[in-house]
Amino acid sequence: MNWVDELKIALLENNTQKAFKLVEECPLLKEGCSDLPTLETAKALISTTIERLQEEQQTLGVQMRQLKVAQRFLEISTD
C-alpha cells in the first residue's frame, strides 16, 4: 500500500495520530515525486490532517478549561 492510500485510510478511520505520523514521514519529499496528481492529492490530504488536528487541539483546550473550572469549584467547596 502506498503512502497516499495509508493516509486516506488513517483519515477515514479518524486516526489523527497515525495521519500525523504519516505526514511527518512523507516519502514524497524524499523521493522527489514529480507526479502532479499525486502531489495534489497529498496536499489535500495533508490539509485535511492539519484541520483535524486543529479541531482536536481546540476540543482539548475546551476540556482543559472545563477541568480547571471544576477544580476551582472543588477547591472552593471544600474550604
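Within the stretch 22-40, work out how many residues are within 17 Å of the chain's Cα centre (by Cα) and surrounded by 10 or more Cβ atoms within 10 Å (Cβ to Cβ).
4
Residue by residue, here is whether (1) closer than 24 Å to residue 11 by Cα; (2) open to solvent by 70 Å² or more (accessible area, probe 1.4 Å); (3) of a type in the set (Phe, Trp, Tyr) holds:
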site	(1), (2), (3)
43	yes, yes, no
47	yes, no, no
50	yes, yes, no
58	yes, yes, no
64	no, yes, no
68	no, yes, no
72	no, yes, no
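The values are calculated or read from the model by the stated rules, or taken from the named source; none is laboratory data. From a predicted model like this one, the values you see are computed outputs, not experimental measurements. Here the Cβ is made from the backbone with ideal geometry for all residues, glycine too, and neighbour counts use every protein chain on show. Note: accessible area is taken over every heavy atom of the protein model, side chains too, but ligands, DNA and RNA are not part of it. Shrake-Rupley method; radii C 1.70, N 1.55, O 1.52, S 1.80 Å.
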